[in-house]
Number of protein chains: 2
Amino acid sequence: MQQPDQRDHGGGVDAAAARFGGQRSEWIDLSTGINPAPYNVPALPAGAWTALPDAAAQTALLAAARAFWQVPEGAAILAVPGASSAIARIPALAPKGRVRIPSPTYNEHAASFAENGWQVVEAGETDAAVHVHPNNPDGRLWPATETTTPLSIIDESFCDITPSATLMAQATTPGTLILKSFGKFWGLAGLRLGFVIGDPALVARLGQMLGPWPVSGPALHIGAAALRDETWAEATRARLATDATRLDTMMTEAGAQTVGGTSLFRLYEVDDALAWQTRLAEHHIWTRIFPYNPRWLRLGLPAPDGWARLEQALA
Amino acid sequence: MQQPDQRDHGGGVDAAAARFGGQRSEWIDLSTGINPAPYNVPALPAGAWTALPDAAAQTALLAAARAFWQVPEGAAILAVPGASSAIARIPALAPKGRVRIPSPTYNEHAASFAENGWQVVEAGETDAAVHVHPNNPDGRLWPATETTTPLSIIDESFCDITPSATLMAQATTPGTLILKSFGKFWGLAGLRLGFVIGDPALVARLGQMLGPWPVSGPALHIGAAALRDETWAEATRARLATDATRLDTMMTEAGAQTVGGTSLFRLYEVDDALAWQTRLAEHHIWTRIFPYNPRWLRLGLPAPDGWARLEQALA
């Protein structure tokens, strides 16, 4: 199985604990952008574990997702086992060509296109484009007009914090696919649930690639319950915004400068990001640095019981 | 999302309940080959739901799987979100050509190869071959020598009932992939867990297609616990064998003839399979019939509380 830390997408706490010591369970993982106060897993019907996921549960999940994201009628929607499963297969949806992926951004898209024989470029006329919206790690939002290519991927994995910024209206533009992640905003990354929304022909082809039961029974049930819970979503947005401001204040007082981000992760400029990462790792707090910028440090939000330890580590 | 009942792979209880009445929860689904007395879902660490599946949990699952199936050292192993996710992608692992799939068998393989531009044939020299071992629905076992083609798929989804029949020794033959299903023998089909074992280059390519975290955190933990539990596996084999005999006796007394199968599903010959299916459906018991043979009826095993209702329905 591919090792999760071969590409710098976080989750490397196992390796950090091996290097800096401490039980893995003691570590605070701020290297991801996952909400640390997750949606409560509801009681599951026994059939969610034992039966093949049935059509009724799939239909209920997709109806909840359509309502939550206000998916336009002409757009198709597919539930997938994590947005990363779609990212891995999207380059196979069109003939190999040139894909524009403005950097810096989440590097899994470029890796997947390159692995499938595409040429990845920064700008110019291309056959495909990927926009992470808001962008990871800097939080940049893209205007709708920049995303028109024959194949256009809009990765809204972090857009549920700022739903008004969505480019969902473009889901009916031919060649467009919008990605949604369940794991990040709802804090249940282990569930493996995501959605692909857009061009019906492309969505159908992707569905064939993933097989008839791509999403687990627990994911169908938990996802449907969470997507119907607008109250939780609104309260969570407010809490995350407050926490992001709290983190910015703490980091600024410690000498970092805020670059941007979203309220699920914050990007800071420091003199020496590796030194900051090491210092925090000695307190068993894991953060994200970037091979392409030695001054950038990214932190996710601590869980409620993690703030005091972060403050001590920064002191 | 693809409807699960477009290809005759069971799970059509929703549709049956709509047609014959009754609450879905009242129905006894004997249309699949899923163990009706599943492995008990153990308590899960919170991180199984919330964190990205970590490398340690993945490593533990694969180690348990290697030990359980006695995977030869030179063979690679990959955990996938259900064997069907592998079946959907396997045809993309080699250039399109001719694939030999002796029928009758589980029709998802032929559908997937055809969808990917392969020519599906019954016999002769081919570029690939698929053997379901033991075969579904008739239980046939294939000799090892029949499975040598440049790409050779051995689907052992139902082989855990008869582990001595495994063709696992062939996993080191170049071009060979052996599929294992977790949902059927362990009765947790909703979990979406399966394994692909064999040629390291093919397994690596399949892993790339599925992305970095294909399997959920709950599946990693439950799968590892179950695969380490040899005692449960042995007791389950004995129970399933007893139950299969009990079902054969009941069906034979009702006028059916036993054709074969495995101890997770039994295949019977009757005068008019559709009439039998309809009669049982009127008692809210769903069974499997086959478009290619109007005299074949397949039944999975009832759960402990289902035998009396089946007996009444057959009377």
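The values are calculated or read from the model by the stated rules, or taken from the named source; none is laboratory data. A quick note: this is a predicted structure, and the numbers were derived from the prediction, not measured. Glycine also receives a Cβ, built like all others from the backbone with ideal geometry; neighbour counts cover every protein chain displayed.
With free of Cβ contacts under 8 Å to residues at least 60 places away in the same chain and either in contact with a Pro (Cβ under 7 Å, 6 or more places away or on another chain) or farther than 20 Å from A:Ser84 by Cβ (or both) as the only criterion, which of A:Thr176, A:Thr148, A:Thr166 stands out?
Details: A:Thr176 fails: either in contact with a Pro (Cβ under 7 Å, 6 or more places away or on another chain) or farther than 20 Å from A:Ser84 by Cβ (or both); A:Thr166 fails: free of Cβ contacts under 8 Å to residues at least 60 places away in the same chain.
On inspection, the qualifying residue turns out to be A:Thr148.
Would you be able to say whether some residue in the range A:178-190 is out of contact with any Asp or Glu (no Cβ under 6 Å at 6 or more places or on another chain), hydroxyl-bearing (Ser, Thr, Tyr) and under 19 Å from B:Pro212 (Cα atoms)?
yes
Given (1) of a type outside the set (A, V, I, L, M, F, W, C); (2) crowded, with 21+ Cβ neighbours inside 10 Å; (3) in contact with a Gly (Cβ under 6 Å, 6 or more places away or on another chain), identify the lone condition not met by A:His284.
Unmet for A:His284, out of (1) of a type outside the set (A, V, I, L, M, F, W, C); (2) crowded, with 21+ Cβ neighbours inside 10 Å; (3) in contact with a Gly (Cβ under 6 Å, 6 or more places away or on another chain): (2).
Give me the residue from the range A:97-117 that is over 21 Å from the mean Cα position of the chain (by Cα) and within 14 Å of chain B (Cβ to nearest Cβ) and, out of that set, surrounded by the most Cβ atoms within 10 Å (Cβ to Cβ). Show your work before the answer.
The initial filter retains those residues of the range A:97-117 that are over 21 Å from the mean Cα position of the chain (by Cα), namely A:97-98, A:116-117.
Then drop every residue that is not within 14 Å of chain B (Cβ to nearest Cβ), which leaves A:116-117.
Working: A:Asn116: 18, A:Gly117: 11.
Step by step, filter the range A:97-117, then rank; the result is A:Asn116.
Which of the residues that make up the range B:150-183 are in a loop (DSSP other than H, G, I, E, B), buried (at least 21 other Cβ atoms within 10 Å of the Cβ) and polar (S, T, N, Q)?
Of everything in the range B:150-183, just one residue is in a loop (DSSP other than H, G, I, E, B), buried (at least 21 other Cβ atoms within 10 Å of the Cβ) and polar (S, T, N, Q), namely B:Ser157.
Among B:Ser31, B:Ser112, B:Ser103, which is the only one that is within 19 Å of B:Phe182 (Cα to Cα) and either touching a residue at least 24 places away in the same chain (Cβ under 8 Å) or of a type in the set (S, T, N, Q) (or both)?
Details: B:Ser112 fails: within 19 Å of B:Phe182 (Cα to Cα); B:Ser103 fails: within 19 Å of B:Phe182 (Cα to Cα).
Exactly one residue qualifies, and that residue is B:Ser31.
Among residues belonging to the range B:60-75 that are out of contact with any Asp or Glu (no Cβ under 8 Å at 6 or more places or on another chain) and closer than 16 Å to B:Ile222 by Cβ, point out the one that is nearest to the other protein chains (Cβ to nearest Cβ).
Filtering first and then ranking leaves B:Leu62.
Working only within the range A:201-217, note down all residues that are in contact (Cβ under 8 Å) with a residue 24 or more places away in the chain, buried (at least 19 other Cβ atoms within 10 Å of the Cβ) and out of contact with any Phe, Trp or Tyr (no Cβ under 7 Å at 6 or more places or on another chain). Reasoning before the result, please.
So in the range A:201-217, the residues in contact (Cβ under 8 Å) with a residue 24 or more places away in the chain come out as A:202-207, A:209-210, A:213-217.
Okay, now just the ones that are also buried (at least 19 other Cβ atoms within 10 Å of the Cβ), so A:202-203, A:206-207, A:209-210, A:213-217.
Once the filter is applied, which keeps residues that are in contact (Cβ under 8 Å) with a residue 24 or more places away in the chain, buried (at least 19 other Cβ atoms within 10 Å of the Cβ) and out of contact with any Phe, Trp or Tyr (no Cβ under 7 Å at 6 or more places or on another chain), the range A:201-217 yields A:Leu202, A:Val203, A:Leu206, A:Gly207, A:Met209, A:Leu210, A:Trp213, A:Pro214, A:Val215, A:Ser216.
Restricting to the range B:197-226, count the residues that are in contact with a strand residue (DSSP E or B) (Cβ under 8 Å, 6 or more places away or on another chain) and either among the hydrophobic types (A, V, I, L, M, F, W, C) or modelled with pLDDT under 95 (or both).
Restricting attention to the range B:197-226, the residues satisfying the condition of being in contact with a strand residue (DSSP E or B) (Cβ under 8 Å, 6 or more places away or on another chain) are B:197-200, B:202-204, B:206-207, B:210, B:214-215, B:219-220, B:223.
After this cut, where a residue has to be either among the hydrophobic types (A, V, I, L, M, F, W, C) or modelled with pLDDT under 95 (or both) as well, the list is B:197, B:202-204, B:206, B:210, B:214-215, B:219-220.
Residues that pass the stated criteria total 10.
Can we say A:Lys184 is out of contact with any helix residue (DSSP H, G or I) (no Cβ under 7 Å at 6 or more places or on another chain) and closer than 13 Å to A:Gly82 by Cα?
So A:Lys184 passes the test.
Here's a check for you: in the range B:49-62, which residue that is touching a residue at least 40 places away in the same chain (Cβ under 8 Å) and under 25 Å from the mean Cα position of the chain (by Cα) is surrounded by the fewest Cβ atoms within 10 Å (Cβ to Cβ)?
The selected residue is B:Ala60.
Within 11 Å of chain B (Cβ to nearest Cβ), buried (at least 24 other Cβ atoms within 10 Å of the Cβ), under 16 Å from the mean Cα position of the chain (by Cα) and without any contact (Cβ under 8 Å) to a residue 60 or more places away in the chain: is that true of A:Gly190 in this structure? Please lay out each step first, then the result.
Values: within 11 Å of chain B (Cβ to nearest Cβ): yes; buried (at least 24 other Cβ atoms within 10 Å of the Cβ): yes; under 16 Å from the mean Cα position of the chain (by Cα): yes; without any contact (Cβ under 8 Å) to a residue 60 or more places away in the chain: yes.
Criteria met by A:Gly190.
Just the residues that are closer than 17 Å to A:Pro163 by Cα and either out of contact with any strand residue (DSSP E or B) (no Cβ under 6 Å at 6 or more places or on another chain) or of a type in the set (Asp, Glu) (or both), please, taken from the range A:245-273. Walk me through it before giving the result.
Just the residues of the range A:245-273 that are closer than 17 Å to A:Pro163 by Cα, to begin with: A:261-265.
Those that are closer than 17 Å to A:Pro163 by Cα and either out of contact with any strand residue (DSSP E or B) (no Cβ under 6 Å at 6 or more places or on another chain) or of a type in the set (Asp, Glu) (or both): A:Thr262, A:Ser263, A:Leu264.
Residue by residue through the range B:76-92, note down the ones that are surrounded by fewer than 23 Cβ atoms within 10 Å (Cβ to Cβ) and either away from every other protein chain (no Cβ under 14 Å) or within 17 Å of B:Gln170 (Cβ to Cβ) (or both).
B:Ala76, B:Ile77
From the list A:Ala18, A:Ala37, exactly one residue is out of contact with any His (no Cβ under 7 Å at 6 or more places or on another chain) and in a helix (DSSP H, G or I). Which is it? Can you show your working first?
Numbers: A:Ala37 fails: in a helix (DSSP H, G or I).
So the residue among A:Ala18, A:Ala37 that is out of contact with any His (no Cβ under 7 Å at 6 or more places or on another chain) and in a helix (DSSP H, G or I) is A:Ala18.
What is the residue count in the range A:196-212 for residues that are under 18 Å from A:Ala63 (Cβ atoms) and at the interface with chain B (Cβ under 10 Å from one of its Cβ atoms)?
First, the residues of the range A:196-212 that are under 18 Å from A:Ala63 (Cβ atoms): A:196-198, A:200, A:203, A:207.
Narrowing the set further to residues that are at the interface with chain B (Cβ under 10 Å from one of its Cβ atoms) leaves A:203, A:207.
Qualifying residue count for the region: 2.
Out of the residues in the range B:130-149 meeting the condition of being over 27 Å from B:Pro294 (Cα atoms) and crowded, with 16+ Cβ neighbours inside 10 Å, tell me which one is farthest from the chain's Cα centre (by Cα).
B:Thr149
Test B:Glu230 against the criterion of being of a type outside the set (Gly, Ala, Ser), free of Cβ contacts under 8 Å to residues at least 12 places away in the same chain and either surrounded by fewer than 24 Cβ atoms within 10 Å (Cβ to Cβ) or in contact with a Ser or Thr (Cβ under 8 Å, 6 or more places away or on another chain) (or both), and give yes or no. Steps first, please.
Values: of a type outside the set (Gly, Ala, Ser): yes; free of Cβ contacts under 8 Å to residues at least 12 places away in the same chain: no; either surrounded by fewer than 24 Cβ atoms within 10 Å (Cβ to Cβ) or in contact with a Ser or Thr (Cβ under 8 Å, 6 or more places away or on another chain) (or both): yes.
No; evaluated as a whole, the condition is false for this residue.
Within the range A:121-129, is there a residue that is of a type outside the set (S, T, N, Q), modelled with pLDDT of 95 or more, surrounded by fewer than 20 Cβ atoms within 10 Å (Cβ to Cβ) and in contact with a Leu (Cβ under 7 Å, 6 or more places away or on another chain)?
yes
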